[in-house]
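Reading through the structure tokens given below for one structure.
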Ligand code: PMP
């Protein structure tokens, strides 16, 4: 069986696997051709904007957990628009809320009073434990992190911010400085007052130790780092409670408690970057930081917050938030009524449709499947995940752990041919990133596992 609307131009495997039928018929595509779209992009877009596949994939429609290309071929979207689509592509309630708002008023800024911004800020505050109840809205995760760091510096009167190696926080000046992946850093000026500590990446422990006999040295090392590399006065620590771009790195359970205590000992505040891990994706809890029993001082968000509408946010408590009164600060599109309507509807759908519980259940099933596949496929070095924030690290050799970079790239291409879109990450691009819309079904999860299993077999056979 082939995928219902498969394109004959794709090279099909011997016994193709079929993605579960979506029951949706895509609208016939009538826009510019593939060649026209590609030529336009080549001529008029910055060439640094990259494609995921060797042959660009032209996606023109989405519904639920599925995407459709220009020929109407269906793909299971296991990357969720890079972790952005929380409740499914084109969710009727989220679209409906935006259309309704668009018809009344597309834009005012926060210099006027509009109810949407306050309504959403209250709904968001209700999702946080403790006194995290004051928000600043931006358009992206990078901006949210910039704003969080600015507030932290103003509040503490210190400059130094500590990020984590293998972390990603954005592509703007300060956030690129705090990102610790050489591949994402440009030689364009030194990062300002940014240093990087050791993440809890047990599979590749930089100290060569094993948990728990290591006594969580990665976290305890931070105290030395602050003493040696800073004046001893720090503004903030920023960390993803589960690293996303870095390849779904999940620290030992004590890690963040030790790190947060150390940061506070030196006068810093703690920023949780929930751009990928938030909004129920990790299953057990709504926020990734809740897995580690810590309470951040500031939380930055974006991506899944509004199911694809451009929105970022930073939420904190009033004594930190009010530092922004010291000068004039403004974000033209931040808090606009349409994005706020999208975000509020997304939050409601997450609750109404049991999205977080689904992420937990389907994520657990996915893990079970991959742990079994790992026993048969030598390329799988490590399987890790919480809910639908899931990663599979591929290695050439389980003893040396040499990253299987080319094999991962090949696997993505083979999966695409079979109707499955995956992501990849990690410093060497050797971690499969599976972060689909959280409406994923068990049958979808089985399809993901079956396709990866089969594709690994092809690669192991030299294909
Ligand atoms: N933080 C994290 C954890 C991210 O994954 C990203 C985006 N990959 C960002 C911040 C930056 O978000 P944006 O691309 O919306 O600026």
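None of the figures in this text is laboratory data; all of them are computed from the coordinates on show. Just so we're clear, the structure is a prediction, and the values are computed from it rather than from any experiment. Don't worry about glycine lacking a Cβ; one is built from the backbone with ideal geometry, like all the others, and counts go over all protein chains shown.
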Worksheet entry | Kirkwood estimate for segment 395-449, i.e. one over the average of 1/r between Cα atoms, Å | 12.2 Å
Practice prompt. Please compute the Cα-Cα pair-distance distribution of segment 352-399 with 5 Å bins starting at 0, giving whole percents from short to long.
Written response: 5, 22, 26, 18, 12, 8, 5, 2, 1, 0
Worksheet item: Rounded to the nearest 0.05, what FRET efficiency is calculated for residue 207 and residue 231 with R0 set to 22 Å and r the Cβ-Cβ distance?
Response: 0.25
Worksheet item: Where the eigenvalues come from the Cα gyration tensor of the chain, what are the semi-axes √(5λ) of the equivalent ellipsoid, largest first, in whole Å?
Response: 35, 29, 20
Worksheet entry | Coordinate range along principal axes, alpha carbons of segment 225-377, Å, largest first | 55, 46, 23
Practice prompt. Compute the Rg to Rh ratio over segment 361-463 from the alpha carbon atoms, using the Kirkwood formula for Rh, and round to two decimal places.
Written response: 0.93
Worksheet, complete the sentence: For segment 280-337, the Kirkwood Rh over every pair of distinct alpha carbons, in Å, works out to 13.6 Å
Worksheet entry | Spin-label zone in segment 317-340 - amide nitrogen under 12 Å from a point set 7 Å from the Cα of residue 107 along the C-beta vector | 332-334, 336-338
Discussion item. Below 8 Å, C-alpha to C-alpha, sequence gap of six or more: please give me the relative contact order for segment 305-463 in percent.
Written reply: 20 percent
Worksheet item: Stretch residue 375-residue 399 to full length: gain in nm at 0.36 nm per residue minus the Cα-Cα span?
Response: 7.2 nm
Response to the item:
Taking alpha-carbon centroids only, segment 358-409 lies from segment 192-246 a number of Å equal to 24 Å
Practice prompt. Scale the Cα Rg of segment 91-179 by the rule-of-thumb value 2.2 N^0.38 Å and send over the ratio, two decimals.
Written response: 1.37
Worksheet, complete the sentence: In units of 2.2 N^0.38 Å, the Cα radius of gyration of segment 112-243 is 1.22
Discussion item. Starting from 0.36 nm per residue, how many nanometres of slack lie between residue 183 and residue 357 once their C-alpha separation is accounted for?
Written reply: 59.1 nm
Response to the item:
Rounded to one decimal in nm, the spacing of the 7 Å Cα→Cβ label points at residue 284 and residue 53 is 3.6 nm
Fill in: Full-extension gain in nm, residue 443 to residue 122, via 0.36 nm per residue minus C-alpha separation
111.9 nm
Worksheet item: Based on the Cα gyration tensor of segment 290-436, what are the three equivalent ellipsoid semi-axes, each the root of five times an eigenvalue, rounded to whole Å and given largest first?
Response: 37, 19, 17
